[in-house]
Each structure stands twice: as structure tokens, then as C-alpha cells.
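Beneath this line is the structure, given in C-alpha cells, with notes to follow.
The values are calculated or read from the model by the stated rules, or taken from the named source; none is laboratory data. Note that the structure is predicted; figures quoted are calculated from it, not measured. We place every Cβ from the backbone using ideal geometry, glycine too, and count neighbours over all the protein chains shown. The accessibility values were calculated without ligands, DNA or RNA, using every heavy atom of the protein model including side chains. Shrake-Rupley method; radii C 1.70, N 1.55, O 1.52, S 1.80 Å.
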Amino acid sequence: MKKVVKFGGSSLADAAQFRKVGDIIRADASRVYVVPSAPGKRFSGDTKVTDLLYRCYDLAKGGKDFSAPFEEIQGRYREIIEGLGLSFSLGEEFRTIEKSLKEDPDRDYTASRGEYLNGRVMAAYLGFDFIDPAEAIFFNEEGHLNEYKTGKVLGKMLEEHDHAVIPGFYGCGKDGRVKTFSRGGSDITGSIVAGACHAGVYENWTDVSGFLVADPRIIRDPVAITTITYKELRELSYMGAGVLHEDAIFPVRKEGIPINIRNTNAPEDPGTWIVESTAQKSGYTITGIAGKKDFCAVLISKDQMNSEIGFGRKVLQAFEENGISFEHMPSGIDTMTIVVHESEFIDKEQRVVSAIHRLAEPDSIEIEADLALIAVVGRGMKSQRGTAGRIFAALAHAHVNVRMIDQGSSELNIIIGVENRDFETAIRAIYAIFVETKL
């Protein structure tokens, strides 16, 4: 069985962390393809290498001197190389990057060099081959992953290398220049590599021992999730659960490859398994709780709305015309609510209101701000009666007013809208009723 292992920036922040990673890889002969991120923070207040690279680009683009952050980046890699005792130099690579910044600064190319350089160091440290994603991972004209070409080219490359390091975060754009994924995109690269080589497992190593049922910044010592399905993860990631980039699910999901989230600093911990489906029962009715603040709810009212064909399309067209995507759309017989991100909506609200009046001719429109959304997710909710009732009872007991509820047809999640100020209180109340009391 082949395993693809991806290591995050905190796992590769310095030479000591590199040695931990080396020990993990050497401990299992099936860990044959490695996807590294750029060096992360070594301590609180430190700066990630990728952020230093962005600083170099901004200065170079403005015609300013970027030598200070550039030297800081070189120093970070020198410390790692010397700390590992390698007779290896990145001098030529740094000269190439410096020349690019002076002559033709490119944001994506510059940002990608953190992963590229770390990949070079990792390959030298492990004695593995190096595969440049700029020659193996491809984007189309719209800037999306070209799955067919990537699978074909990368798959062939991997067949020719028994062991290889493939840096995360970037590939080749349609114009032939380096193009990056969004921040956290190394997770996606790892998933792409796992799919291309038909791996048995994709291990994603980070600084936490898997997913937790709730945010530890809100809940003290929340319990860990041992097994979660792709669908559950997608819901939780979308609503703010951070550990894994949400788009990293798709390449492995198509191949049925499980993901194992592990902790570089506690490699003995089993972590969280992310799978397509499972017969294993969770210890609780719910799998996880996640949420975000700062939404707006636009309430549209019109008598006999339900009998007017095309009314919903007309309302949504008003948001589309203004480049605003909607998050949820609960509705009644004569009412329809569109929930949107406040940051996207606030500067365009009156244009949207005017467009709704023009297109749909409603009786009234009301806007409510400072709304937080909380997703309660769990495959066990489908077979458990009274889940919604227990949620509302817990929130009522905590004196939290529910402003909105939306449940998907899959019965996999329930979305609750509360006031921003009640966000943390609501999550604590829901966690208490389902986890601490195991109801």
C-alpha cells in the first residue's frame, strides 16, 4: 500500500521539526510520496515564510527595496539546512527568485517559492526524488484544476519514482506561468497526489491530533472526532472548522481514499479518519459543531408568493446582478429569507433591495444584521428522534434566541441562526447537551 503524507507549515518550521517529520516518514516504508508546505511560525510572533515572500513581492512590485525580508527568508532556510547537517545549498534557487523579483515580479510565482524551496530541502534530507508541480499539476483557463491532464501527467511521473517529494500549493497555469491554490492549498496538492497514484491512505500531518467536536477557543478541551465522513467534513469545513482545506476532499473522494489527520508532535495519536462511509457509530448523536459570525438576513414578503412561478429565481437574480452569493434560503408560504455574508452585502444593500423590488415586486423587504450561523452536523441525527428539540431546549435554557433554522433534506445538518453576541453561548449550550450529558 502506498501512502501520501502531507506536512503543514508548523511541522516544518525549523530543523527540529524537520527531524520529527523524517522520523515519521522512515517509520513506515509505505510513506513514499511527501507533500511539504512552506516553513510556518517557529514561535508566537514569528512570521511564516509565505508571508515574507508576499512582503517581498509587494515591495518589488512597488519598486522598493525587498532585501530585508528576502535575507530573512534565506536565513530561515540556512538554519534548517545547517541544523540538519546537510551539505546542500539553495544559492542558485535564491538567485533565480531574486532576479524574478527585480525584473518581472509575479505574485503567484513568488508565493510558491516557500513550498518549492522546502521541497528541495526535504528531498535532499530524505534522499527522495523531487517533482516540480509546475510540470505536473495544471490549471485551465478559468483558473480551476485541470483534473484530466493533471491525473494523466502526474500519474505517469509518480510511476517513474518510487519515492518523491512534491511541493504543495502550486502548479502551472494555462499561460505556462506558476499558479497557486488559495492559502492552505498544500492540502489540495496532497489530495491530488493521493488520487493520481491511487494511494491507500492520504495522511495529513499538522499540529493537532485530528478534528475536535467544537472549537477549542470556545469549548475547553473538546473531545476528538475519531471517524467522520466526507459529507460531514464538507459541512463543518465550510462553516469554519479549520484543520483541512475544504477543497482537499474532492480528489480523494472520487477515488474512495481515506484521509487520516495526524499530529506531527504526537505521532502516536491515531488522529481523525475521514472516510466515504462507515458503519462505525459516533459516541454522540452529533459529529461536530462549527459556525461563523457576521451574516445578514434579507426577508422578502409577498402574499401568495408560493403560487407565483419564478419568484425565487427573480429574487436570486437581484443578488446575482450584484455579484453576491447566498448561504442559505429558508422560506415560508408568503416569506423568503436570503442569508448572505455581511461583508459582501453591506455596501450593495440598497442596490439589491431596488433590484428585488424591480424584478419580484414584493410587498416588503426587511434586513437583519449581526447574525451568526451555527452548523450542528452528524450522520447519527437521521436515526435519532428529537434532535432539533434538544437543540432548542438547550438554547432556551441558555437564554439564546433562535433567529433562523434551516435543515437540509439529507438530515445531516441543522443550521441555526443566532445573534452575534450569543454565538459562543449557543455553541457551549449545544456541546453541553449532546457531549457532556450525552443526550
Seminar exercise, completed: Expressed in nanometres to one decimal, the distance between label points 7 Å along Cα→Cβ at residue 361 and residue 396 is 4.2
Exercise. What's the carbon and sulfur percent of the range 147-200's accessible surface, probe 1.4 angstrom, rounded to a whole number?
Worked result: 51
Problem set entry | Translational D in µm²/s for the range 163-310 (Stokes-Einstein at 10 °C, 1.306 mPa s, Kirkwood Rh from C-alpha pairs) | 91
Problem set entry | Debye intensity ratio in log₁₀ form over the Cα atoms of the range 360-439, taken at each q of 0.12, 0.13, 0.17 Å⁻¹ | -0.38, -0.44, -0.68
Exercise. When the chain is fully extended, how far beyond the present Cα-Cα distance does residue 436 get from residue 44, taking 0.36 nm per residue of separation?
Worked result: 137.9 nm
Problem set entry | Spin-label pair residue 217/residue 334, simplified geometry with 7 Å Cα→Cβ offset, distance in nm | 4.3
For this session: For the chain, go through all pairs of different Cα atoms, get the mean of 1/r, take its inverse, and jot down that Kirkwood value in Å.
Result: 23.9
Seminar exercise, completed: When all Cα-Cα pair distances of the range 272-396 are considered, the percent exceeding 19 Å is 58
Exercise. Say R0 is 30 Å: what FRET efficiency, to the nearest 0.05, do residue 159 and residue 250 get from their beta-carbon distance?
Worked result: 0.85
Seminar exercise, completed: For the range 272-321, the percent of all C-alpha pairs falling in each 10 Å bin, from 0 up to the bin holding the max distance, is 15, 27, 16, 26, 16
Exercise. Pulled fully out, how much extra length does the chain show between residue 307 and residue 71, if you take 0.36 nm times their separation in residues and subtract their Cα-Cα distance?
Worked result: 78.3 nm
For this session: First compute the accessible area of the range 276-351 with a 1.4 Å probe, then give the percent of it belonging to carbon and sulfur atoms.
Result: 46
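Can you tell me how the range 54-209 classifies by the Cα gyration tensor, rounded, prolate or oblate, using a/c under 1.5 as the rounded cut?
oblate
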Exercise. If the viscosity is 0.890 mPa s and the temperature 25 °C, what translational diffusion coefficient in µm²/s does Stokes-Einstein give for the range 96-173 when Rh comes from Kirkwood over Cα pairs?
Worked result: 182
For this session: Starting from the Cα of residue 321, step 7 Å along the direction of its Cβ; do the same at residue 152; then give the gap between the two resulting points in nm.
Result: 4.3
Exercise. When ligands, DNA and RNA are left out and all protein chains stay put, how many square angstrom of accessible area per residue does the chain have with a 1.4 Å probe?
Worked result: 46
Exercise. Per 5 Å bin from zero, what fraction in whole % of the C-alpha pairs of the range 38-106 is there, up to the bin with the longest pair?
Worked result: 3, 16, 25, 25, 17, 10, 4, 0
For this session: Take the solvent-accessible surface of the protein heavy atoms, probe 1.4 Å, and return the percent of it on the range 20-129 that carbon and sulfur atoms account for.
Result: 44
Problem set entry | Exposed chymotrypsin sites (Phe, Trp or Tyr not before Pro) absent - longest run of the chain, DSSP non-H/G/I/E/B, at most 16 other C-beta within 10 Å | 89-439
Seminar exercise, completed: Around residue 166 (Cβ within 10 Å, Cβ-to-Cβ, excluding residue 166; K/R +1, D/E -1) the net charge comes to -2
For this session: Run the 1.4 Å probe and let me know the accessible area of residue 172, rounded to the nearest 10 Å².
Result: 20
Problem set entry | Theoretical ellipticity at 222 nm over the chain - DSSP helices of four or more residues, -39500 (n - 2.57) apiece, nearest 500 | -11500 deg cm²/dmol
